[in-house]
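Here's the structure we're looking at; comments come further down.
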Amino acid sequence: MRASLPMYNLPEMQADNAAFWAAMRTELRREGVSDVPEALEFVRKPVPERIEPDTLFTQVCGWPLQTIFAGQGHILGVPVYDAPYCCGPRHTGVFIVRADATYAMLADLRGTRFVFNSLHSNSGMNLPRRAIADIAGGRRFFASCIETHSAPANLDRVAAGEADATSVDCVTFAFFARHRPNAAGKLRVLAATPSTPALPFITAAGTSPEITKALRAALTRVARAPEWAAVRAALMLADIVPSDALDYGEQRRMELEAAFQGYPELC
């Protein structure tokens, strides 16, 4: 079995993510589950080709969970982050530009150089596409639009003037600002995208009902037990809640709405 936390995984955060998994291991043992990975995989891609069948625990973007990962995983819980532009178990993408750029509104980005992390990213591609659809008039919006496979690297590109704008998950930007304040000081948020449910914790679809139940119980304890307060603070976690009241289909509807407005592709 494998475990990973690839979505918010700056090198500076490895110790914090490892502490989260140590807390999960402790709680899983209390639930009677001892055969779990000793350590997280830190090399797993944020958007792999699939959810591997031996995945015990990971975190994924909700957009590919509806598309390329459909049917491959079960949601265990949804994080509530104490970060700007989050509201309960929901998050947004944020359009990022240089702090000294003259752009005042989203429409000012027409004709600029845009970089994004993945065609399968909700905050990097799907949500900005939906936001741009409102102002694009069914016409090409950006002068150039490049997929790079790294949201943090895109922030560095904008800071260095190698691109004019990017869109990243608001939690990604919050962690970037915490751990790399000098680089973040060269950037600012221009606008936010619509919000959708946050990035869920999942297990592979083939994980047994008993283990799935134990994982959910362990997550709840890590999210709320006083002994794990420091673990939560390090990862900006205010809570982890069930997904029952959330509709990840919102993200597919964002795609359809953009297409209806004549803007089916970000680039």
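Go through G138, G93 for me and flag whichever is surrounded by fewer than 21 Cβ atoms within 10 Å (Cβ to Cβ), outside any helix (DSSP H, G or I) and either in contact with a helix residue (DSSP H, G or I) (Cβ under 9 Å, 6 or more places away or on another chain) or on the phi > 0 side of the Ramachandran plot (or both). Walk me through it before giving the result.
Numbers: G93 fails: surrounded by fewer than 21 Cβ atoms within 10 Å (Cβ to Cβ).
Answer to the check: G138.
Select from the stretch 64-87 the residues that are among the aliphatic types (A, V, I, L, M), outside any strand (DSSP E or B) and closer than 18 Å to V47 by Cα and list them in ascending order.
Within the stretch 64-87, L65, I68, A70 meet the criteria.
Among the residues that make up the stretch 122-133, is at least one of them in a helix (DSSP H, G or I) and in the same structural domain as G62 (by TED's automatic domain parsing)?
At the first step, the residues of the stretch 122-133 found to be in a helix (DSSP H, G or I) are 122-133.
Checking which are in the same structural domain as G62 (by TED's automatic domain parsing) leaves us with none.
No; the residues of the stretch 122-133 include none that is in a helix (DSSP H, G or I) and in the same structural domain as G62 (by TED's automatic domain parsing).
Going by what's in this entry, would F95 be described as at pLDDT 95 or above and in the same structural domain as A159 (by TED's automatic domain parsing)?
For F95, the condition - at pLDDT 95 or above and in the same structural domain as A159 (by TED's automatic domain parsing) - is met.
I need the full set of residues from the stretch 23-44 which are free of Cβ contacts under 8 Å to residues at least 60 places away in the same chain and within 21 Å of the chain's Cα centre (by Cα), in order please. Outline the logic, then answer.
In the first step, residues of the stretch 23-44 are kept if they are free of Cβ contacts under 8 Å to residues at least 60 places away in the same chain; the result is 25-26, 29, 34-44.
Across the stretch 23-44, the qualifying residues are L40, E41, F42, V43, R44.
Tell me the residue from F20, F57 that is within 18 Å of the chain's Cα centre (by Cα), at pLDDT 95 or above and outside any helix (DSSP H, G or I), please. So that I can check it myself, show each step before the final result.
On the way: F20 fails: outside any helix (DSSP H, G or I).
Result of the check over F20, F57: F57.
Which one of these is of a type in the set (S, T, Y), under 18 Å from the mean Cα position of the chain (by Cα) and at pLDDT 95 or above: T220, T212, T196, T207? Give the derivation first.
Working: T220 fails: under 18 Å from the mean Cα position of the chain (by Cα); T212 fails: under 18 Å from the mean Cα position of the chain (by Cα); T207 fails: under 18 Å from the mean Cα position of the chain (by Cα).
None of the others qualify; the one that does is T196.
From L109, L40, L65, L28, which residue is within 16 Å of I211 (Cβ to Cβ), of a type in the set (A, V, I, L, M) and crowded, with 21+ Cβ neighbours inside 10 Å? Explain how you work it out, then say what you get.
Working: L109 fails: within 16 Å of I211 (Cβ to Cβ); L40 fails: within 16 Å of I211 (Cβ to Cβ); L65 fails: within 16 Å of I211 (Cβ to Cβ).
None of the others qualify; the one that does is L28.
The values are calculated or read from the model by the stated rules, or taken from the named source; none is laboratory data. Fair warning: this is a prediction, and the values are worked out from it, not measured in the lab. Here Cβ is always computed from backbone atoms with ideal geometry, including for glycine, and neighbour counts include all displayed protein chains.
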